[in-house]
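To start, the structure itself, in structure tokens.
We did not get these values from a lab; they are worked out from the coordinates using the rules stated. For clarity, every value in this text was computed on a predicted model and none was experimentally measured. Cβ coordinates were reconstructed from backbone atoms using ideal geometry, including for glycine residues, and neighbour counts include every protein chain displayed.
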């Protein structure tokens, strides 16, 4: 079974400064796409984030955006999962502690409304006398967050205007509240103002805003549903659920994908642009079986399905090229992402997509205006862009051109940069780690390529 990579589920993503060099192992095992930022879990159990950082969502202690990965601070005990929201991020430590950072207003769950540029503990209860623990997984949404505990219960915190906290009220909460009537939950996924949970029995329940049919219950609970509702036709045998800003999709155990909610851009994927689908509708053109699905978009929406052949098919809003087919035409049914094979996991952001291949390559496409690709650039792309083969950017010291290798070409680029011929170097050209990129770094790179130095 392929690894599952779920992005910010509506994602759900500019000052360019040199980030702190990424530490620990930089081989990525999971990605999560946010509004205009992306975060990665490495095999060393650390977290790297990149992109927009106006609210501290990168977690490095600053509000400086970065198109290269930076280390998230304060997670020395290791991390087992990460979820990027619209403007905040949450993680679960290997000891089961929930921590969040970025824009707050209640979505960090620490009893305050102040933003934090470093991880803070989510409170265990309203007294905030201890940290929320025994957490199995966590999800960051538009303006709220939720956690699944080891016993299968779900807690949520943050904005509750549409009942997205699921406790039967519409009262915001700065600390976690228990979602009513749910048990034996295996995963949650959050949108802008709605939430969905998947039980171990394969049933899907949703709650929160239902204005665009996000609850998938044939409008039985009205336009606002502050308590979990069983999604029509998804009472069992569901393997995964992914929530976008105003729509959601489920993957069945038989490899079919069904979507519901807002469909103005074809994000339901059924070949139409009918405004709303209030019950799950099967996505066209996914014959052969699907291993994973990930949907994004804060207001509009797109989605991608990972077929068991290792190829991708995407659909929906494509204004920024997030469908990945080389165009900006919205797609009302899935289209093949060309020349992309061997994919093992996918992650959707607000208007960008990322994937990891079986060779550990990271590729992203769509909107990159805030550096959410992590390739050192801020140029959008209508097709997948290789970030760095097998590694995140900035992880290879002396690799000036981001190709994953250190060669004489890197030395030449460094010399051109120091001479003012190049205005920028996208990756880590600082070979001696002194904070400057100069001719000394070029000389060290040449010595390394000639075998005179064992390492940089």
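At R0 = 41 Å, how high is the FRET efficiency between residue 183 and residue 341 if r is their beta carbon distance? Nearest 0.05 is fine. Working shown, then result.
Values: r = 41 Å, r/R0 = 0.99.
Between residue 183 and residue 341 the formula returns 0.50.
Extension gain, residue 134 to residue 151, is 5.3 nm, computed as 0.36 nm per intervening residue step minus the present C-alpha separation. For segment 397-456, the share of alpha carbon pairs falling in successive 5 Å distance bins from zero is 4, 25, 35, 25, 9, 2 percent.
Just so you know, the Cα atoms of segment 65-133 work out to an Rg and Dmax of 11.8, 38 Å.
Could you give the length gained by full extension between residue 230 and residue 112, i.e. 0.36 nm per residue of separation minus their alpha carbon distance, to one decimal place?
On the way: separation 118, 0.36 × 118 = 42.48 nm, distance 3.27 nm.
Value of the extension gain: 39.2 nm.
If I take R0 = 22 Å and measure r between the Cβ atoms of residue 436 and residue 416 in this structure, what FRET efficiency does the formula 1/(1 + (r/R0)^6) give, to the nearest 0.05? Plugging the Cβ-Cβ distance into 1/(1 + (r/R0)^6) gives 0.90. Between residue 220 and residue 200, the FRET efficiency estimated from the beta carbon spacing at R0 = 30 angstrom works out to 0.80. Hey, for a label at residue 282 modelled as a point 7 Å past Cα toward Cβ, could you say which residues of segment 312-341 have their backbone N under 19 Å away? Label zone hits: 313-315, 332-335.
For the modelled label position 7 Å from the Cα of residue 309 along Cα-to-Cβ, which residues of segment 321-339 have backbone nitrogen atoms closer than 16 Å? Only 334-339 pass the distance filter. Averaging over all projection directions, the Cα-based convex hull of segment 303-456 occupies 9.8 nm² in the image plane. Debye calculation, C-alpha points only, no solvent: report log10 I(q)/I(0) for the chain at q = 0.11, 0.14 Å⁻¹, in the same order as the q values. Per q value, in the given order, log10 I(q)/I(0) is -0.77, -1.19. From helices alone, the chain scores -1500 deg cm²/dmol at 222 nm; the rule is -39500 (n - 2.57) for each run of n ≥ 4 DSSP H residues, then divide by the residue total.
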